[in-house]
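Note sheet for the following structure.
Any read-out appearing in this document is the output of simple, stated calculations on the displayed coordinates, not a laboratory observation. As the structure is a prediction and not an experimental result, all values here were calculated from the model. Reconstructed Cβ throughout: ideal geometry from the backbone, glycine too, with neighbour counts over all protein chains shown.
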């Protein structure tokens, strides 16, 4: 998808993780606080579900949801001030 956008063949609404390796010729704009969210889940086997490691991870995932509410991270990279990366500009780190 990014390759098509980079070639000037259109635009796309994509998850933030998909944009990390975007070519410098692509402009990236945040959709703002009302942006769409995505619900994710976890999968495991019955055998692994009984292990201490998997149970601990599931507890942490559920606790995070309680802390931040469903579908809303506390303050991820896109929750910061609206960011726009102009063509040719590399994303700043830190």
Q) Among 36-42, 12-18, how do they line up from the highest to the lowest mean number of other beta-carbon atoms within 10 Å? A) 12-18, 36-42
Q) Using a simple spin-label model with points 7 Å from Cα along the Cα→Cβ vector, what separation in nm is obtained for residue 42 and residue 2? A) 2.8 nm
**Q.** FRET efficiency estimate (nearest 0.05) - Cβ-Cβ, residue 60 to residue 17, R0 22 angstrom
**A.** 0.65
Q: Provide the packing ranking of 44-54, 23-33, i.e. peptides ordered by the mean count of other C-beta atoms within 10 Å per residue, highest first.
A: 23-33, 44-54
